[in-house]
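Okay, so here's the structure we're looking at.
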Amino acid sequence: MKQLLEIPQRINRLEELAYNLWWSWHPEARSLFEALDRPLWKQTNHNPVKVLQGLAKERFKEVAEDPTFLRRYDAVIKALDTDLGSRPTWFGERFPDLSSASIAYFSAEFGLHNSLPIYSGGLGLLAGDHCKEAGDLGIPLIGVGFLYPQGYFHQKIQADGWQEPIYRPLDLNAVAIRPAQFPSGQALVEVPVGPRSIYIKVWEVRVGRVRLYLMDTDVPENAPWDRELSARLYGGDQELRIRQEIVLGIGGVRLLRALGIHPTVWHCNEGHTSFQMLERIREGVAAGKRFEEAAESVRKSSIFTTHTPVPAGHDAFPAALIEKYFSNYWPMLGLDQARFWELGRHPEPWGEAFNMTVLAFHLTEGRNAVSQLHGEVSRKMWQHLWPNTDVEKVPIISITNGIHTPTWVAPEMNELYKKYLSPDWVHHHDEPTLWQRVMDVPDDLLWETRQQLKRKLLGFIRERARTSWTEDRADPIQLLAAGTLLDPEALTIGFARRFTAYKRATLLFQNLERLKKILGNRWRPVQIVFAGKAHPADEVGKRYIQQIYTLAKDSGLAGHIAFVENYDMHVAHFFIQGVDIWMNTPRAPLEASGTSGMKASLNGVPQLSIFDGWWPEGYNGSNGWTFGVKPGPSLQNLSPEMQDTSDAEELYSILENEVIPLYYRRDADGVPRGWIQTVKEAIRTVAPFFCARRMVKEYADKLYAPAARQSKE
Ligand SMILES: *Cc1c(COP(=O)(O)O)cnc(C)c1O
């Protein structure tokens with residue numbers, strides 16, 4: 001590992017700070033790094049490790065003698081020590097009997113910071129926010145996942161609008177990760193994958209009080225194809241996937257054991273991680289238990305969260321792959337082939353298969369979906385696994401997703417909330433009464449802040465365009481498509497998410513003439529900024545991007561549409577904080593929850609959304625807008641095409657008749673009072689409920705604590 005520059009003694013804990021992602025959700029810590037070198041901070045997309053590595057020696061000397069810097073440094077270090085020290089915590093006070101419990105949290109992706117590209121979308125972001133909040137609440141969580149040394153791909157859009165995936169090897173020295181230290185001094189963990197063994201290297205990431213362990217198979221002890229195993233997130237075919245999932249589940253348990261960690265509760269975030277339960281049964285059988293006995297204690301101590309209402313979205317493997325990778329494993333569980341197959345057996349459209357979600361349902365007692373509506377959909381979808389149970393009684397509960405508030409709040413909004421809610425608001429952010437006070441923020445001040453955030457977004461977009469102009473010699477038309485002509489005064493609609501068929505990014509383009517009239521109105525202009533990646537194998541998603549990109553270059557739309565490349569957490573921050581409204585167009589009921597609209601509302605950006613995911617719980621008639629066919633019986637009689645046409649029709653009218661007039665209705669001092677009411681209502685009603693604090697507390701109350709108590713017995 002490359003040595004960081006010699007940091008002067010007086011400020012040498014900057015290194016420790018840079019290596020704990022705690023800095024990323026503490027504004028004083030962020031601005032400390034920014035103060036070191038602002039251009040470098042921006043150039044590195046806010047990566048403190050790189051800032052410290054790139055900082056000039058003289059600058060270190062300078063700040064180490066600057067009383068203002070030192071005062072800020074001391075305050076940040078003190079806050080870090082307090083927060084990570086033995087302070088009283090919510091968990092400690094609520095569950096004094098569980099002081100020695102710990103919870104392992106397995107996930108295939110974690111969205112923690114853009115410098116660590118080990119996430120692709122909502123699932124990963126949720127896992128990242130869950131870890132941050134668990135630490136804030138003092139929940140003894142330990143994360144387990146993968147380091148993908150080539151990360152998720154970097155997106156370039158070619159001149160013809162086609163997405164080009166670029167894989168850039170991660171510079172392991174420039175990320176806040178360090179090799180994990182095993183008590184035995186060993187460097188690698190061995191994982192049996194079918195007939196052979198794969199060796200994994202383990203990295204540790206610090207996320208506040210939480211530690212996250214990431215597995216990496218790129219070590220010389222492995223054969224070349226095994227070294228590639230963890231190279232990329234979601235690359236490759238079914239066989240690569242099953243091998244990845246074996247390493248994630250079985251390797252994950254083994255790495256915890258090698259670290260001397262014995263969790264009380266095991267939480268599987270989505271079915272990719274389900275093999276974990278098999279490995280724990282194997283341990284029980286090796287210790288002399290019968291299969292049923294071992295499975296029962298695994299069930300009692302396991303939690304499973306399902307994330308997708310799309311039946312085909314659940315991982316399932318054909319018999320041949322199960323045979324190849326598990327025929328030497330099932331004897332160790334005391335099972336034969338038939339009984340093993342039963343654990344995951346499920347009919348798929350392409351035949352009978354071993355389904356990872358089914359496996360998880362069979363081997364957990366605590367199970368949840370991620371919104372109320374998704375709970376209903378899931379209970380219906382999986383009722384056949386509990387054949388004698390009424391659909392309402394199918395044992396899958398709902399815990400609606402939430403976002404980690406300190407991560408997603410804009411610094412400018414934070415200042416407003418400090419002033420008008422409470423200087424300490426961030427520590428009480430799930431208390432609804434606190435948010436009543438948002439009504440006291442002066443309208444003009446809130447409006448000015450919103451405008452400022454929009455200018456910041458447009459500045460970011462221009463900066464990006466400038467970089468591609470100078471570095472990639474982008475064609476001028478591409479610079480237009482990238483958003484250089486956007487107007488800071490125009491009503492700006494944001495749409496950023498994974499490009500995949502059911503999210504219907506192109507819904508708004510159903511009637512191009514009508515859209516042109518809406519966008520091109522000289523008195524009340526409207527513009528739309530898009531961002532998002534399509535999975536490299538998703539042809540429909542890539543075609544949607546191409547369609548939008550082509551329109552963004554069309555002079556008929558006069559610079560009113562832009563597509564910003566390479567959506568990631570960094571871009572997401574600018575988007576959800578900087579646009580005026582957040583548009584969400586999924587084909588109901590396929591959105592399990594969605595979280596980007598929560599991030600937007602927290603920052604005073606109301607949602608305009610299909611009635612799906614979390615929105616039926618969030619929408620109150622005056623905190624945003626809803627449109628489209630509602631999930632339920634009326635939906636079942638519609639073809640997807642009819643649903644699209646009807647949804648688009650409603651979207652146009654709501655824009656024309658409600659959203660745009662409200663935005664442009666200004667009083668004498670130029671403030672849109674009615675609009676600001678909606679903004680305040682969005683903040684007031686969404687912020688206290690759709691936060692990870694409320695969510696993680698529910699996980700603790702409804703799932704972690706009961707499981708921890710049962711497994712102590
Ligand atoms: C929040 C977030 C998501 C999830 O958004 P959805 O609402 O589920 O579409 C995806 N990607 C990034 C980068 C995010 O920040």
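Taking 19 Å as the straight-line reach from the Cα of residue 57, the aspartates and glutamates in range (excluding those fewer than 8 positions away in the same chain) are 6, 15, 16, 34, 37, 65, 66.
Compactness ratio of the chain: Cα Rg over 2.2 N^0.38 Å, N = residue count?
Working: Rg = 25.4 Å, N = 713, 2.2 N^0.38 = 26.7 Å.
Here the Cα radius of gyration is 0.95 times the empirical estimate.
Pull out a ≥ b ≥ c, the square roots of the eigenvalues of the alpha-carbon gyration tensor of the range 441-500, then state rounded if a/c is under 1.5, prolate if not and a/b is larger than b/c, and oblate in the remaining case. Cα axes put the range 441-500 in the prolate bin. The range 487-508 and the range 405-460 have Cα centres spaced 24 Å apart.
In this rough spin-label picture, where each label sits 7 Å from Cα along the Cβ direction, the residue 656-residue 709 distance is 5.8 nm.
Where a Cα-Cα gap under 30 Å defines reach, which lysines qualify for residue 156, not counting those fewer than 8 residues away within the same chain? Within reach: 42, 50, 454, 456, 503, 516, 533, 542, 553, 599.
If I compute solvent accessible area with a 1.4 Å probe over the protein chains, what percent of it on the range 156-199 is carbon and sulfur? Whole-percent figure for carbon plus sulfur exposure: 53.
Among the trypsin sites (Lys or Arg not before Pro) in the range 435-484, those placed in a DSSP loop whose Cβ has at most 14 other Cβ atoms within 10 Å are 473. Put the Cα centre of the range 331-389 next to the Cα centre of the range 160-198 and the gap is 30 Å. Sorted on the mean count of surrounding Cβ atoms within 10 Å across their residues, most packed first, peptides 565-576, 627-638, 243-254 read 243-254, 565-576, 627-638.
Can you check what the Kirkwood hydrodynamic radius comes to for the range 408-690, Cα pairs only, in Å to one decimal? The answer is 19.3 Å. Summed over qualifying helices (DSSP H, 4 residues or more, each -39500 (n - 2.57)) and divided by its residue number, the chain shows a 222 nm mean residue ellipticity of -12000 deg cm²/dmol. The mean of 1/r over all distinct Cα pairs in the range 9-84, once inverted, gives the Kirkwood hydrodynamic radius of 12.3 Å. With Cα atoms as the point set, the range 205-340 shows a radius of gyration and Dmax of 15.7, 45 Å.
Over the range 408-690, with every protein chain in place, what whole percent of the accessible area is carbon and sulfur at 1.4 Å, could you tell me?
Numbers: 5630 of 10770 Å².
That share works out to 52 percent.
Per residue, the chain exposes 38 Å² of solvent-accessible protein surface, assessed with a 1.4 angstrom probe and all protein chains in place.
Per atom type, the range 9-84 shows carbon and sulfur on 50% of its accessible surface, probed at 1.4 Å.
The values are calculated or read from the model by the stated rules, or taken from the named source; none is laboratory data. Keep in mind the model is a prediction, meaning the values are calculated, not measured. Glycine gets a Cβ as well: all are built from the backbone with ideal geometry, and neighbour counts include every protein chain shown. In case anyone asks, the SASA skips ligands and DNA or RNA and just uses the protein heavy atoms, side chains included. Shrake-Rupley method; radii C 1.70, N 1.55, O 1.52, S 1.80 Å.
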